[in-house]
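Worksheet: the structure to be examined is printed underneath.
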Amino acid sequence: MTMMNIGAPESWKGSLTSGRQNWKQACRDEDNDDHETYHYQNEDGVAASSPSDEKIVTCRGNLIVPVGEAKALRHVLDDLEDHFGHQRDDPNVRFNLNELRHDHNDSLCGDLSFDYLIDGEVCSLDYIGIDVCIDLTPKRIIHTDNDYGGNAFEDYGKSWAYVYVPELTMDKIKSYVKAGTGWDASDEGTVYDANRNLVAIETQMQQGPRPEPSFWEASNPSKVGEDVQFSRIGSVQHVGSQPSQQGTHRGVAFFTVSLEASGSSQDRMASLTFTLISVRTWECTNLIAPIVHSPRK
């Protein structure tokens, strides 16, 4: 197993960029385009001849400043580079914890950002990619061992859903959190399946009128690498409402991540909250049996 380089390389020094709000707007525009598009402009708003002389970038008509963010979006979301997954090289990414703040419960909370080293340039995003299986199978409340017909979770597939990752992948993510922030990630918000060595993450999802996470499907799932083409078929909520799509989909999901700890925490232990932004899927899989109810509800 490749070990993570905890120390930042010398070429990582310099200014970093981030734009969570810009991507929320970009999510709204995915209905209008099946592919990520980037147009370079100089300071006067004139089209630049190459990425090397751009100053600002528009992505689907939305201004993103500076260009490093668009470069990182393309690297992570389009090219599917540097994401966490089974039998993949360690992602070349550094985790950062933005300023901690006290919430109304006096807990400490903060958002993570992620520095990617791309062609010798440090580009910062608020998103990481993870190989997952996203479960769009409806869930039911089971009150007793013999209760197999409980009521459905009305909010499942709308405000939250399970994504399944191998235990080794989750352990790797936790090691990056520890190296980048100094905090240990707890198991809160996850369900561990010892029989399959899988971790089910209870990922959060935004609902309208805020941008809902987008669902993209491979038009040629047998292809690999750069030959894969994806088309957006709707939001995750819309796709999950279709009976033909209510299964477990294999793909790459993109998340924002936040950290929360007790205000009096002395052991540097914190929980992670994953919020789904977008997912690229290849196909439904029958190799992973979905959770039929929520063990934690």
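Of the peptides 91-102, 153-164, how do they stack up when ordered by the mean number of other Cβ atoms within 10 Å, highest first?
153-164, 91-102
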Hey, can you grab everything whose amide H is under 5 Å from the amide H of Ser186? Only 5+ residues off in sequence or another chain; H modelled, so Pro and N-termini drop out.
Ala270, Ser271, Leu272
Ordering of 281-288, 166-173 by packing [mean C-beta count within 10 Å, highest first]:
166-173, 281-288
How much solvent-accessible surface does His238 expose, in Å² to the nearest 10, with a 1.4 Å probe and all protein chains in place?
90 Å²
Using a 1.4 angstrom probe and counting only protein chains, how large is the accessible area of Phe254 in Å², to 10?
0 Å²
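The values are calculated or read from the model by the stated rules, or taken from the named source; none is laboratory data. Quick caveat, the model's predicted, so the values are computed rather than measured. Counting neighbours? That spans all protein chains shown, and the Cβs are built from the backbone with ideal geometry, glycine included. Note: accessible area is taken over every heavy atom of the protein model, side chains too, but ligands, DNA and RNA are not part of it. Shrake-Rupley method; radii C 1.70, N 1.55, O 1.52, S 1.80 Å.
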